[in-house]
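Working notes, beginning with the structure itself.
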Amino acid sequence: MLKYLKIKNYALIDSLETEFFSGLNIITGETGAGKSILIEAFGLVLGERASADAIRTGEERAIVEAIFEIKNNKLIQSFLKLNEIEILEDLILRREISTKGSSRSFINDSPVSLNTLKSLGDLLVDLHGQHDHQSILREETHINFLDDFAGNEIRLQNFKNNFTEFSSLIISRDELKRKENELKEKKELYQFQLKEILEVNPSIDEEEKLEQEKKIGDHAEKIHSLAEEIYLKLYDSDNSALSILSNVKRKFEELSKIDESFKNSIDEIISAEAITKELAHTVDKYRGEINFSDERLEEIRQKLGALMMLKKKFGGSIETVLAFKEKLQNELLLSENFEAELSKLDLQIIEKRESLAKLAKEISAQRKTIALNLEKDVEKSLVELGIANGKFKVEISNNELENNSSSEQFVKINSKKIELTQNGIDAVQFFLSANIGEKPKKLTEVASGGEVSRIMLSLKSALANADKVSTLIFDEIDTGVSGRIGFAVGKKLQKLSKTHQIISITHLAQIAALAQNHFAVEKIETKNRTTTQLKKLNQDERISEIAKLLSGEKITESSLKSAKEMISQV
C-alpha cells in the first residue's frame with residue numbers, strides 16, 4: 001500500500017508531500033490544475049520513462065519519492081532478496097531526473113537500474129492512465145487481459161522461451177541454406193584461393209626468419225672476411241689477443257713470486273684466456289658453417305615474394321593470411337557437411353515444434369476454461385455499473401494455414417497447420433451486447449465511450465480479484481459516463497477498495513462523495529510562479545469541493561445541500 005508521496009520540481013509542482021491511506025482515496029480538482037501531472041510524476045517512481053522537459057523551469061533536477069507498506073508481502077520481499085536489496089520495515093522508492101537527461105533510480109537507498117525499478121513497480125501498483133481504457137479497443141490486447149485473469153505468467157514464459165529457441169533454430173537453418181547456395185557459387189574460388197595459400201605454405205615468424213637468412217646470404221663474403229679477421233686477432237696470429245694474454249700471464253707469475261698479492265690477477269688472466277679461446281672457437285665455427293649458395297638465396301627471394309603476394313591478396317600480414325586459410329578450410333569443410341547439418345537442424349525444429357504444440361494446447365485449454373469465468377465476472381460487474389442486460393463474450397480462435405503456406409511459424413494440431421505466435425495458437429476477441437435481444441458484436445465496433453470505461457473497470461475488478469497488486473490507481477476511469485452511472489462506478493471502486501487501496505482521479509461528484517479520503521488539487525500563483533498543490537480535505541472542505549463539482553465555480557446553497565446529502569447517504 002502507498003503510504004507517502006513526495007514530488008519536487010516536476011512540471012507545475014514545486015514541492016508536494018502527502019500521505020495516502022487504505023480504502024478509497026479520491027482526488028478532484030479543476031481542469032488544468034495538475035491532476036494528471038500528479039499521476040505522471042508518480043509513474044516516474046514506478047519506472048516509467050522520464051523526460052528532462054518535465055523538470056520545473058529554473059531547476060536542475062526533479063525528485064519523486066514514494067514509501068510503501070510491505071508488511072507480510074512475501075512477493076516483494078522475495079524480489080528484494082533476489083536483487084540483493086536490503087529489506088526495511090517500509091519500502092522506499094526514489095527517482096531523480098536531471099536537466100542533462102540523466103536519470104537515477106533507488107530502492108531503499110540502493111542504486112538500481114530503471115528496469116529493476118519498473119519490475120518492482122509492476123508488483124506494487126496497477127496504474128490505469130487517462131487513455132488506458134482505449135487499449136481495450138485494440139484487439140491485440142484482449143489476449144493479455146485474458147492471460148492476466150488466468151494467471152498464466154509462468155506457463156506463458158516457458159512457452160515464450162521455447163518459441164524463441166524455435167525461431168532461432170529456423171533462422172539458423174535458413175542461414176545455413178543461404179550459405180549452402182552461396183558456397184555452391186563460391187566453392188571453386190575458395191578452392192583456388194586455398195590452393196594458392198597451401199602452395200606457399202606460410203607459417204608464423206617464417207617471413208622474419210627468411211629475411212634474416214637473406215640478409216646473411218647477401219653479405220656472405222663480408223661475413224666470412226670479418227669472421228676470419230676476428231679469429232686471427234683473437235687466436236691465430238703472432239700478435240693475437242691470446243698470445244698477448246699468455247705473455248702477460250707470465251709477467252704476472254714473475255710478479256707474484258715477488259709479491260703474492262698478484263696471484264689473484266693470474267686467475268683473472270687465465271679466465272680471460274678461456275673466454276678468448278671460446279670466442280675464437282665460436283667465430284671459427286660460424287665461419288666454417290657459412291656456405292651460402294646462389295641457389296638458396298634465389299629460393300629465399302622467391303619464397304619472400306610469394307609471401308608478399310599472399311599478404312597483398314589476403315589481408316596485409318601472415319597472421320591474417322593464416323586466419324583466412326582457416327576460414328576457407330572451414331567453409332569448404334562445411335560445404336561437404338551441409339546435408340548432415342541441415343538434417344540435424346530439421347530434426348531439432350520438428351522436436352521443438354512438437355513441444356510447442358503440446359504447450360500451446362495446454363495454454364489454449366486453460367484460456368477456454370478461464371474465459372467462462374471472466375465472462376461471468378465481467379457481466380456481473382456490468383450489471384452493477386448500469387448495463388443490466390450486458391452480455392460479454394470471449395471468443396478464442398485459431399488461424400489455420402493452407403498446406404502450401406510458406407510460413408514456418410506453425411504447429412500441427414489434428415493434422416492441421418495452426419499459426420503460431422509468441423502467445424501460442426490463440427487469437428482472443430471480446431464481444432459485447434449492451435442491450436437485450438442484440439447479438440454480441442466485436443467490442444471495438446459497438447462500445448461507446450462510457451461503455452468502454454465501464455467494461456475496463458469491470459475487467460480491472462475481475463483482474464484485481466486474481467491479482468496480488470495491492471494498489472490500483474485510476475485516472476478519470478469515469479470518462480464518458482453520466483452522474484447516475486458515475487455513482488455505480490463509484491460503488492464499484494468502493495467495493496474494490498475493501499480488498500485494494502484505490503486512488504482515483506474523478507470529475508464526478510457522485511464518485512467523490514464515496515471517498516474515504518478526499519484530496520483536492522489546486523493551482524496557485526506565488527511570486528509570479530504557478531504551482532500545483534495537493535491538499536487532504538476535512539469534512540467542510542469536502543462538502544464545498546463536491547458542491548463545486550455539482551454547480552461549477554460558483555457554489556450555491558442548493559449545491560451545498562446536495563453535497564451534504566450525497567455524503568450522508570454513503
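The values are calculated or read from the model by the stated rules, or taken from the named source; none is laboratory data. The structure presented is a predicted model; accordingly, all values stated were derived computationally and were not measured. Neighbour counts run over all protein chains shown; Cβ positions are idealised from the backbone, glycine included. Just so you know, the surface numbers come from the protein's heavy atoms only, side chains and all, with ligands and any DNA or RNA stripped out. Shrake-Rupley method; radii C 1.70, N 1.55, O 1.52, S 1.80 Å.
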What residues qualify as long-range amide H neighbours of Asn423, i.e. H under 5 Å apart, gap of 5 or more or another chain, H built at 1.01 Å from N? none
Mind pulling up the Rg/Rh value for the stretch 242-400? Radius of gyration and Kirkwood radius, both on Cα. 1.69
Applied in sequence order to the stretch 11-27, the curve 6.51 cos²θ - 1.76 cosθ + 1.60 (Karplus, θ = phi - 60°) yields integer Hz couplings, x standing for Gly and Pro, of 6, 7, 8, 7, 8, 9, 9, 8, 9, 10, 10, 5, x, 9, 9, 10, 10
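Rule-of-thumb check for the stretch 193-275: C-alpha Rg over 2.2 N^0.38 Å? Before the final figure, lay out the partial values.
On the way: Rg = 24.4 Å, N = 83, 2.2 N^0.38 = 11.8 Å.
Rounded to two decimals, the normalised Rg is 2.07.
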For the stretch 232-313, what log10 I(q)/I(0) values come out of the Debye formula at q = 0.25 1/Å, with one point per alpha carbon and no solvent? -1.08
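Evaluate the Kirkwood expression for the hydrodynamic radius of the chain, namely the inverse of the mean inverse distance over all pairs of different C-alpha atoms, and round to one decimal in Å. If you can, show how the numbers build up before the last one.
Working: mean 1/r = 0.0309 Å⁻¹.
Taking the inverse mean of 1/r over all distinct Cα pairs, the chain comes out at 32.4 Å.
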Multiply the residue separation of Asp90 and Gln422 by 0.36 nm, subtract the distance between their alpha-carbon atoms, and state the gained length in nm to one decimal. 115.8 nm
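Of the beta bridges DSSP finds with both residues in the chain, what % are antiparallel, to the nearest 5?
On the way: 53 of 71 bridges.
In the chain, DSSP labels about 75 percent of beta bridges as antiparallel.
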Given just the C-alpha atoms of the stretch 1-130, how large is their convex hull per residue in cubic angstrom? 108 Å³
Mind listing P(r) for the stretch 486-542? All alpha-carbon pairs, 10 Å bins, whole percents. 21, 44, 25, 9, 2
Sum of -39500 (n - 2.57) over DSSP H runs of 4+, divided by residues of the chain (222 nm, nearest 500): -18500 deg cm²/dmol
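Starting from the Cα-Cα distance between Lys358 and Asp218, subtract it from 0.36 nm times their residue separation and give me the gain in nm to one decimal.
Taking Lys358 through Asp218 to full extension adds about 42.7 nm, to one decimal.
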Asp377 accessible area, 1.4 Å probe, all protein chains in place, Å² to nearest 10: 60 Å²
Once neighbouring chains are kept in place and the probe is 1.4 Å, which whole percent of the accessible area of the stretch 186-311 is contributed by carbon and sulfur? 51 percent
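Pop out the Kirkwood hydrodynamic radius of the stretch 158-222 from its pairwise C-alpha distances, inverse of mean 1/r, in Å to one decimal.
Evaluated on the stretch 158-222, it is 16.7 Å.
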Please report the projected area of the stretch 446-543's Cα convex hull averaged over all directions, in nm². 8.1 nm²
If eta is 1.567 mPa s and T is 4 °C, what Stokes-Einstein diffusion coefficient results for the stretch 72-173, Kirkwood Rh from Cα pairs, in µm²/s? 76 µm²/s
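Between Tyr4 and Gln157, what FRET efficiency follows from the Cβ-Cβ distance if R0 is 41 Å, with the result rounded to 0.05? Could the numbers behind the result be given before it?
Numbers: r = 33 Å, r/R0 = 0.82.
Step by step, r from the Cβ atoms, then E = 0.75.
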Rg over Rh [alpha-carbon atoms, Kirkwood Rh] for the stretch 126-275: 1.64
Rounded to whole Å², per residue accessible area for the chain with a 1.4 Å probe reads 56 Å²
Can you give the charge dipole size of the chain about its Cα centre, rounded to the nearest 20 debye, using +1 on the beta carbon of Lys and Arg and -1 on the beta carbon of Asp and Glu? 3200 debye
Can you find, among Gln302, Phe42, Thr506, the residue sitting farthest towards the positive end of the charge dipole of the chain, where Lys and Arg contribute +1 and Asp and Glu -1 at Cβ? Thr506
Do you know the relative contact order of the chain, to the nearest whole percent, from alpha carbon pairs under 8 angstrom that are 6+ apart? 21 percent
Over the alpha-carbon set of the stretch 22-90, work out the extent along each principal axis and list the three values in angstrom, largest first. 40, 33, 17
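Given a Förster distance of 22 angstrom, what is the FRET efficiency for Ser78 paired with Arg104, based on the Cβ-Cβ distance and rounded to 0.05? Don't skip to the answer; put the middle values down first.
Numbers: r = 25 Å, r/R0 = 1.12.
Approximately 0.35, to the nearest 0.05.
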Restricting the calculation to Cα positions, tell me the Rg (one decimal) and the Dmax (whole number) of the stretch 343-457 in Å. 18.5, 61
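Charges only on Cβ, +1 for Lys and Arg, -1 for Asp and Glu: so what's the dipole of the stretch 414-545 about the Cα centre, in debye to the nearest 20?
280 debye
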Determine the distance separating the Cα centre of the stretch 9-47 from the Cα centre of the stretch 263-324; give it in Å without decimals. 83 Å
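For the stretch 2-153, which whole percent of the accessible surface, found with a 1.4 angstrom probe, sits on carbon and sulfur atoms?
Numbers: 3250 of 7310 Å².
Using a 1.4 Å probe with all protein chains present, the stretch 2-153 comes out at 44 percent carbon and sulfur.
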For the stretch 324-364, diffusion coefficient by Stokes-Einstein and Kirkwood Rh (Cα), 4 °C, 1.567 mPa s, µm²/s: 104 µm²/s
Between Ser167 and Glu525, Cβ-based FRET efficiency (R0 51 Å, step 0.05) works out to 0.35
Across 10 Å bins beginning at 0, the whole-percent shares of Cα-Cα pair distances in the stretch 59-102 come to 24, 40, 24, 12
Dipole of the stretch 134-200 (Lys/Arg Cβ +1, Asp/Glu Cβ -1, origin at the Cα centre): which of Leu146, Ile171, Tyr190 lies farthest to the positive side? Tyr190
